[in-house]
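The values are calculated or read from the model by the stated rules, or taken from the named source; none is laboratory data. Model, not experiment: these values are computed from the prediction. Here the Cβ is made from the backbone with ideal geometry for all residues, glycine too, and neighbour counts use every protein chain on show.
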């Protein structure tokens, strides 16, 4: 039977990197890590990825690692922040050492892509479960969900529904360009940096535009009106209820509209005083949510 | 079927406390928490507690919460640090809402006992698994595993084996004073504070004295010689290989011996140049580890 120490050996090389030497005084290997934030505000979130919920048994171990960490990191992008380091709590009952080696290759890929450090972790036996703690710092200042103002423009950072298409193609064992969008989602740090100085509120779309913009509205005590024809989608209305693209939804004073449009962001609507979420298609209000979900309840 | 939002409602009241208002700028409810460490070094560790490994199906939900968080917090004590805030990743497929209410009562008990804040979390469906991220600050400075010096005295902070007895009694459904030692272990923050200015190395005994002191020796490139008759144990030699008491093992220059003895700590041995871990009983070297475990391999 594979031991905890066998598994830990597969991860040992990951803790040697140190992109943030100046702030990670002690990394992995002691009781805990020691961090000097150097007077920056630290942004932290925790996120679980679970077999059968967030990935499937026959996903590649590399993809499971990449997807688990990337979706956790996306919360930092949603705060207008960049990533600096992570810790991973891995529960697994897989017996093949090669699985852990490949899983660790996936971790390494994300660490190197975003120049982040792995500063600790824990390993235990059980049904596959990956709990990732992520840490970062604001590009400019933390962008909260609660800052949207009446009259602000509502933007999203990219097309919705491609990852949903990727999942569909993956389930149908169909080769397509969308597979990677689902298997290896990218947290939108470059875009987060571009909006960091001018956004009044921001969220990463992980539960679907409707629910996530609903959360901005709720926390900002405002409503929103969207124009369906301006929302870049891959398929249909249902793309508004899927979050796997991890694009950003943010609000900004309308004087910045041209700046953001020129950068390739999509202006999809406006923040309103009335606390409701309305979507219009060619002037007519459309029923966007057949389950009758209301962000204000 | 119980929903994620039903579960989250059970935890909502927990995020209202704010023992650390000055440093937790944004707590739970946004994409991530925002922390101002106020120029202190931040100590962080992640720890998984898993059904069947760290607790049993019929443990009380309160005890599962208390035990999961307390064992995670113990790593901070092992760094000579005090706790400030935590985040929890809870995976559960339990369908009774009362279980979550009682689990949350357990969380609340720990938060209030140690004056710490819950600043975020995640909930997902699956086999019961509790991943706790803990955060704190050093009482004095972080005490590492790597600072033990030849000639230093080796101390432990309390008796070993009582929690092991508690587990035994619990398994045998026997009422005893030891049950609580197993079910609700206490991280040793008061003791960590007492040693913080004078310890050269420290670890919380979570894997057993032999393995954990072995880790100090390994990381400090030294060895140790212990006197068995000076080690306070509940049962027998095997108490040296169990960690459930979460006592601290630390080293300190021998000039502080009387100070620590007066405080009730146990002087159990000395750090040696030769890289081996020797235990003597009335002058004779004893075989403490029948599996031939060697901290230096």
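Looking at this structure, is residue A:28 more than 23 Å from residue A:139 (Cβ to Cβ) and in contact (Cβ under 8 Å) with a residue 40 or more places away in the chain?
The answer is yes for residue A:28.
Kindly establish whether residue A:181 is out of contact with any strand residue (DSSP E or B) (no Cβ under 7 Å at 6 or more places or on another chain), more than 27 Å from residue A:43 (Cβ to Cβ) and at pLDDT below 95.
Answer is no for this residue.
Can you tell me which residue among A:242, A:246 is at pLDDT 95 or above, in contact with a helix residue (DSSP H, G or I) (Cβ under 6 Å, 6 or more places away or on another chain) and within 30 Å of residue A:184 (Cβ to Cβ)?
Every option except A:246 fails the conditions.
Among the residues of segment B:253-262, are any more than 14 Å from chain A (Cβ to nearest Cβ) and either assigned to a loop (DSSP other than H, G, I, E, B) or at pLDDT below 95 (or both)?
Yes, the conditions are met somewhere in segment B:253-262.
Of everything in segment B:189-227 that's without any contact (Cβ under 8 Å) to a residue 60 or more places away in the chain and part of a helix (DSSP H, G or I), which residue is nearest to the other protein chains (Cβ to nearest Cβ)?
Taking the candidates together, the pick is B:212.
As an exercise: evaluate residue A:199 against (1) crowded, with 21+ Cβ neighbours inside 10 Å; (2) closer than 27 Å to residue A:115 by Cα; (3) touching a helix residue (DSSP H, G or I) at 6+ places or on another chain (Cβ under 6 Å) and give the number of the one condition it does not meet.
(3)
Looking at residue B:266, is it at positive phi, at pLDDT 95 or above and touching a strand residue (DSSP E or B) at 6+ places or on another chain (Cβ under 8 Å)?
no
List, please: which pairs have Cβ atoms under 8 Å, are six or more places apart or on different chains, and start with a residue in segment B:251-263 that is surrounded by 13 or more Cβ atoms within 10 Å (Cβ to Cβ) and end with one that is at pLDDT below 95?
none
Return the residues of segment A:235-244 that are more than 19 Å from the chain's Cα centre (by Cα) and either within 14 Å of another protein chain (Cβ to nearest Cβ) or crowded, with 17+ Cβ neighbours inside 10 Å (or both); say none if nothing qualifies.
A:237 - this is the single residue of segment A:235-244 that is more than 19 Å from the chain's Cα centre (by Cα) and either within 14 Å of another protein chain (Cβ to nearest Cβ) or crowded, with 17+ Cβ neighbours inside 10 Å (or both).
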